[in-house]
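S.K.: Dropping the structure in here first, questions after.
The values are calculated or read from the model by the stated rules, or taken from the named source; none is laboratory data. Quick caveat: nothing in here was measured; it's all calculated off a predicted structure. All Cβ positions, even for glycine, are placed from backbone atoms using ideal geometry, and neighbour counts span all protein chains on display. Just so you know, the surface numbers come from the protein's heavy atoms only, side chains and all, with ligands and any DNA or RNA stripped out. Shrake-Rupley method; radii C 1.70, N 1.55, O 1.52, S 1.80 Å.
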Amino acid sequence: MIKRFIVIVAVFFTVVATAQENVSSPYSYYGIGLNTFKGTVENRSMGGLSMFSDSIHLNLRNPAGYGRLRRTTYALGGSHERLTLNSASAEDNAKVSSLDYLGIGIPVGGNLGFGFGVLPYSSVGYQILDIRDDVASRLEGRGGMNKVFLSTGYQIIPSLSIGVDANYNFGNLQNQRTLIREQVQLGSRDVSRSDLKGFSYNFGVDFQQKLKNGLNLHAAATYAPTTTIDAENSRQLATIAFSPNGERVVEERDVNVNDSELTLPAKYTIGLGLGSANKWFFGGEYVSTDDNSFLSVSGIGGADTNFADAAQYKFGGYFIPQYNSITNYFNRIVYRAGFRYEETGLSINNQDINEFGITFGVGLPVGPGFSNINLGFEYGQRGTTDSGLIQEDFFRLSVGLSLTEARRWFERRKFN
């Protein structure tokens, strides 16, 4: 067990060092980037539902789920995304691969569990060429913010669990703007960087009640209060010359920029569902996020950019033909599907930037225990071609591992 734990910690810190820039979208230009999905492939395949918790899978979005965990479970997932970007006059393509999460859940006793891991919070990744009159602007950005979490969940009674996440948020945002004017020999470059760090918290509750006819009622809620984190800002200005070999810095100077605080908005989630244990489940979820005005950190935006409250609407579920079948493997596969719609809260040129996704996936049993490989597929759309904006059509393939040990770590052994 000790050797396994050391390996997990080593992989954990490797992921912490590399878990950034997992998006390619011009809309990540605004604020601190696009909010990333903070859950497992199982969650994503059901329209992003976070309300379902059981005894053998990690729920990275609701810490109350750790109170129901009965086996030590590891979760690891990544994705590959292909995008088609359309404007009123042009089309382009992009692709990006990323490692999306790493987590471990450990039950302690009968009603207590805890977990830790790393997740991305937001991501920045874009390259934009804007030509207006006699001025060409090249905008580039990368980075994002990640969170390391430590979670605890406790099952108060069989039907009710509560939990809390303590998150350490960290990362950096790097934005570069290069300006070139017609018939002007030299250009200018402006590079800004914000290093972010600070703590945030998330509270959760999970309620499951058996009904008549073998049905189970599921209800869950989470709440993340408003919190602030530190932003250490720096800026560098340069005069550059162009040659066949690329750019050459003629003059460069650092600009003093005051450090600031970034406010992470309050967020709450409420969900309700119905199902039959080890057979099927269907639920819906509503997520509300307060006005996420991040312009004060990177200074990116403009007079035609506004932020407002954001909202998400999610529906999804799963179906298992026969979870304990020993003669037909396909009967033990978990089939998942869902739909989501998101009002991002970002408005550009008086156009709201909204997003939707259609998801489906499968959970493939591996070995004699409860471990499985999860595959998820999503087709979605973000933005619009109206008012000179860009519409993104994306297809995402996600792969996740959920590995469950046959025995608990903290369990007293008995010998006859």
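S.K.: Take Q322 and tell me if it is open to solvent by 30 Å² or more (accessible area, probe 1.4 Å) and over 28 Å from S79 (Cα atoms).
M.R.: yes
S.K.: For the range 367-380, enumerate the residues that are at pLDDT 95 or above, of a type outside the set (S, T, Y) and surrounded by fewer than 16 Cβ atoms within 10 Å (Cβ to Cβ).
M.R.: Passing the criteria: only I373.
S.K.: Which of the residues spanning the range 248-262 are part of a strand (DSSP E or B) and acidic (D, E)?
M.R.: Of everything in the range 248-262, those that are part of a strand (DSSP E or B) and acidic (D, E) turn out to be E251, E252, D254, E261.
S.K.: Name the single residue that is surrounded by the most Cβ atoms within 10 Å (Cβ to Cβ) among those in the range 230-246 being over 35 Å from the mean Cα position of the chain (by Cα) and hydroxyl-bearing (S, T, Y).
M.R.: T239
S.K.: Let me ask something else about it. Please enumerate the residues belonging to the range 216-229 that are part of a strand (DSSP E or B) and open to solvent by less than 50 Å² (accessible area, probe 1.4 Å).
M.R.: N216, H218, A219, A220, A221, T222, A224, T227, I229
S.K.: For the structure I just gave you, tell me whether V96 is touching an Asp or Glu at 6+ places or on another chain (Cβ under 7 Å), under 25 Å from R142 (Cβ atoms), assigned to a strand (DSSP E or B) and not polar (S, T, N, Q).
M.R.: Yes.
S.K.: Further, regarding this structure: Which condition breaks for I162 when tested against (1) surrounded by fewer than 16 Cβ atoms within 10 Å (Cβ to Cβ); (2) β-branched (V, I, T); (3) touching a helix residue (DSSP H, G or I) at 6+ places or on another chain (Cβ under 6 Å)?
M.R.: For I162, the exception is condition (1).
S.K.: Counting only residues that are open to solvent by less than 30 Å² (accessible area, probe 1.4 Å), closer than 16 Å to F394 by Cβ and part of a loop (DSSP other than H, G, I, E, B), which one in the range 13-32 is modelled with the lowest pLDDT?
M.R.: Ranking the candidates gives N22 first.
Here is a yes/no grid of residues against (1) closer than 19 Å to F52 by Cβ; (2) of a type in the set (S, T, Y); (3) in contact (Cβ under 8 Å) with a residue 40 or more places away in the chain:
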{"residue": "G109", "(1), (2), (3)": "no, no, yes"}
{"residue": "L112", "(1), (2), (3)": "no, no, yes"}
{"residue": "D130", "(1), (2), (3)": "no, no, no"}
{"residue": "L139", "(1), (2), (3)": "no, no, yes"}
{"residue": "V148", "(1), (2), (3)": "no, no, yes"}
{"residue": "T152", "(1), (2), (3)": "no, yes, yes"}
{"residue": "Q155", "(1), (2), (3)": "yes, no, yes"}
{"residue": "S159", "(1), (2), (3)": "yes, yes, yes"}
{"residue": "G163", "(1), (2), (3)": "yes, no, yes"}
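S.K.: Pick from the range 97-136 the residues that are open to solvent by 20 Å² or more (accessible area, probe 1.4 Å) and either of a type in the set (V, I, T) or in contact with a Cys (Cβ under 8 Å, 6 or more places away or on another chain) (or both): which of them is modelled with the highest pLDDT?
M.R.: V108
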